[in-house]
Amino acid sequence: MKYPRDRAQDNGWSSAGRPVVSPEGLLEFSVDLVRSAADLARRMREDGVSDVSTKSTETDVVTAADRAVERFVVEAIRAARPQDAVLGEEFGRANPVAPAPGGVQWILDPIDGTVNYLYDLPVSAVSLAARIDDRIVTGVVRNITTGAEWVASLGRGAFADGRRLCGSKQTVLSQALVATGFGYDARVRAAQARVVAGLLPQVRDIRRWGAASIDLCLAAEGKVDAYFERGLNLWDHAAGGLIAAEAGLIVSGLRGANSGSGLVLAAPPVLHGLLHDQLVRFDADGAI
Ligand code: IPD
Ligand code: CA
């Protein structure tokens, strides 16, 4: 494991036999779990995608692997940390287990970038965050195909392969490479297209990778200068949002709002201000 730790060994259990809530312990536990989960997803992809069905719209797909990975992670958490709550994309939405005050809630996207996964494009990830009360305290995102891995814990920085992440140095909007994404609802997409049409002439270019968690990690690495998207669910941005924030980016909504389903905007401070104003101008979180 190539990221800083305060303890020599912390496998998620205290010496008193109770699961720990230290950031190191939670991060250690979640990195190991996400690695196994991503490996399961990768092996299932090699065997071919099966049981493809749709969810919110006919373009919003779910596969046997999305369900299998979520089941695997939930079972591993229940076995190792039975008092923790889990909110997962595939099974957790209808019946999210409420976390106890001060307890840990895991927020899981078993496969972020399912359309890429379906088409065998190398941009999908397992994304797992730990939340205590209203704060995301750890985040791990792992690319299922390439094994690229990004981690962060609150107040302790963000890392990829042992490198501390610090985002882009870009401060000029016209030179900025900006990642974004689109929802599955046609009306939402029409509104998102209008925002992109307004923004595209003002920036270097736009990228649409197809996995919000990876977009946020690429912004944390400075491989894109900024990222924004409306309509995300918590499992899409919980882990990646912490990784971007710990890399020094401002992660927010518009007009003082927190990041959330309205909008997630992640950018280094100067660029954040410039992009923010353009996104307000194009009403990027406006009513549809
Ligand atoms: C989607 C991806 C995509 C983003 C969508 C998300 P999913 O998640 O993150 O990049 O544009 O808004 O719903 O469906 O692949 O888990
Ligand atoms: Ca997903």
Inset, instruction - Select from segment 199-220 the residues that are part of a helix (DSSP H, G or I) and more than 10 Å from ligand 1 (Cβ to nearest atom) and list them in ascending order. - result: 199, 200, 201, 202, 217, 218, 219, 220
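So, in segment 163-185, how many residues would count as being more than 17 Å from residue 277 (Cα to Cα) and either surrounded by fewer than 16 Cβ atoms within 10 Å (Cβ to Cβ) or under 18 Å from the mean Cα position of the chain (by Cα) (or both)?
So the count comes out to 10.
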Inset, instruction - Within segment 84-107, identify whether any single residue is within 20 Å of residue 244 (Cβ to Cβ), in a loop (DSSP other than H, G, I, E, B) and out of contact with any Phe, Trp or Tyr (no Cβ under 9 Å at 6 or more places or on another chain), and answer yes or no. - result: no
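Filter segment 46-62 down to the residues that are within 17 Å of residue 91 (Cβ to Cβ), within 14 Å of ligand 2 (Cβ to nearest atom) and not small (Gly, Ala, Ser), then identify the one that is surrounded by the fewest Cβ atoms within 10 Å (Cβ to Cβ).
Filtering first and then ranking leaves 54.
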Legend entry - Tabulated pairs, segment 245-264, first surrounded by fewer than 22 Cβ atoms within 10 Å (Cβ to Cβ), second part of a strand (DSSP E or B) and polar (S, T, N, Q), C-beta under 9 angstrom, 6+ apart or interchain: 258/252
Inset, instruction - State which residue is farthest from residue 129 (Cα to Cα) when the search covers only segment 143-183 and only residues that are touching a helix residue (DSSP H, G or I) at 6+ places or on another chain (Cβ under 9 Å), part of a loop (DSSP other than H, G, I, E, B) and of a type in the set (Ser, Thr, Tyr). - result: 171
Legend entry - residue 81 vs. criteria of a type in the set (Lys, Arg), within 22 Å of residue 23 (Cβ to Cβ) and within 16 Å of ligand 2 (Cβ to nearest atom): no
Legend entry - Selection count, segment 104-127, where residues are in contact (Cβ under 8 Å) with a residue 60 or more places away in the chain, crowded, with 17+ Cβ neighbours inside 10 Å and more than 13 Å from ligand 1 (Cβ to nearest atom): 2
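Every number in this text was worked out from the coordinates using simple rules, so none of it is lab data. In this text the structure is predicted, and so the values were computed from the model without any measurement. Positions of Cβ are generated from backbone atoms using ideal geometry, with glycine treated the same way; all protein chains shown enter the neighbour counts.
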